[in-house]
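Have a look at the structure below, then the notes.
What follows is calculated from the coordinates using simple rules that are stated; it is not laboratory data. Bear in mind that the values here come from a model prediction, so they are computed numbers and not experimental data. Virtual Cβ from ideal backbone geometry, glycine too; neighbours counted across all protein chains shown.
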Amino acid sequence: MKILIIRRDNIGDLICTTPLFTAIRQQQPTAYIAALVNSYNAPAIEGNPDLDAIFAYTKGKHADGEAVWQAYWRRAKLLWQLRQMKFDYVILASSGFAGRALKLAKLLAPKHIIGFVTELASSAKIDLPIAHGEGSKLHETEDMFRLLAPLKIYGPIPPLTVTADATLAQQLQTQLPANLAQSSGPLVALHISARKEKQRWPVENFVELAQRLHAQHAARFLVFWSPGDENNPFHPGDDGKAAQLLAALADLPVAPLRTEHLSELIAGLSLCDAAVLSDGGGMHVAAGLGKPLVCFFGNSSAERWHPWGVPYELLQKPSRDVSEISVDEAADAFGRLMSRR
């Protein structure tokens, strides 16, 4: 049996789809299981033990350094290659009706296409349809897992799976400063970046929290952030905020871990014992690595996107503004998290 799962959106969305790979592999150990993703989110599933292959194409908006037509030409060649593989099932892993993914699936001419349909959007080409219905009220992972019903695969739902590059993780480990070995407390990831404004916790809060966690738990820290200048209109980053945080924590066992590539973020987070961060792709990466989490939620749905399959403490204010979460609340949440380990 040959099965292809198409997931063409964000990093966290793709990671929340990894339980499908695991469940299919458990029921069909000899099946050929592949994923069709984009060049942006593909590193999130590199090394996944349940996949035989990962096929990635470049979206036009991600065609950095090459002409858009070249990206489209490579995509056309990839789709022709996949068509020759004669898949038995193509699964459209997307919440609701996945019109764009369906266009790709039709070009592959599989025996069956599995996907969600709604009252407003459907297609006869999805010959194994699943009514999306109340799916948007479920966790993303639970919603996607319903797509396995035509394969007679049901719960329990496996955890998320993210695999760090062992060689890269070892390289990062050897580069860490000696002061991180001065205490035996937990090595805590502090990820200070968030794409949405209301998901951003103030740097001064991270400073005070780190000081408290070191005093109370002998915690050590790796600082993660989105690299770049905050004034860059195309790729804004948090280099300035990271420098401010590191300067304020100079007396603590702390080290920066600048990650230019998603694989570096994965490898770096794999070294940590726990993480403190806002909702986003990094949170799902940490959950996929099995890390306990304190997570800040702003104007996103905690019911839909909370960490899956790991111990976590979730903080969200009625205002849906992360900046209103106090340091006291974060420190208490970390204490509860450590008591559950």
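Please state the relative contact order of the chain as a whole percent: Cα pairs under 8 Å, 6+ residues apart?
Reported as a whole number, the value is 16 percent.
The calculated 222 nm mean residue ellipticity attributable to helices in the chain amounts to -10000 deg cm²/dmol, summing -39500 (n - 2.57) over DSSP H runs of n ≥ 4 and dividing by all residues. Taking D321, D127, D238 in turn, the Gaussian network model of the chain (Cα-Cα springs below 10 Å) assigns the largest fluctuation to D127.
All other residues whose Cβ lies under 12 angstrom from that of Y154 are scored, Lys and Arg at +1 and Asp and Glu at -1, for a net of +1.
The residues neighbouring A121, those whose beta-carbon lies less than 14 Å from its own, together hold a net charge of +2 under the Lys/Arg +1, Asp/Glu -1 convention. Placing +1 on the Cβ of every Lys and Arg and -1 on the Cβ of every Asp and Glu, with nothing else charged, gives the chain a dipole about its Cα centre of roughly 1460 debye. Which shape class applies to segment 166-339: rounded if a/c is under 1.5, otherwise prolate when a/b exceeds b/c and oblate if not, where a ≥ b ≥ c are the square roots of the Cα gyration tensor eigenvalues? Rounded is the answer for segment 166-339, as its axis ratio a/c remains below 1.5.
Can you classify the chain as rounded, prolate or oblate using the Cα gyration tensor, where a ≥ b ≥ c are the square roots of its eigenvalues, rounded means a/c under 1.5, and otherwise it's prolate if a/b beats b/c and oblate if not?
In terms of gyration-tensor shape, prolate.
Angle of helix 166-175 to the longest C-alpha principal axis of the chain, folded into 0 to 90 degrees and rounded to 10: 20°.
An oblate overall shape is assigned to segment 1-40, the ratio a/c of its alpha-carbon gyration tensor axes (a ≥ b ≥ c) being 1.5 or greater and a/b not exceeding b/c. Considering only alpha-carbon pairs that sit under 8 angstrom and 6 or more positions apart, the relative contact order computed for segment 185-341 is 25 percent. Largest GNM mean-square fluctuation among R220, R100, R146, using the chain with Cα springs under 10 Å: R100. For the chain, the longest principal axis of the alpha carbon atoms and the long axis of helix 327-339 meet at an angle near 70°.
Within the chain, the longest run free of chymotrypsin sites (Phe, Trp or Tyr not before Pro) that sit in a DSSP loop with at most 15 other Cβ atoms within 10 Å is 1-153.
Given K86/K137; K77/K111; K196/K317, which pairs have Cα atoms separated by over 24 Å?
Flagged as over cut-off: K86/K137.
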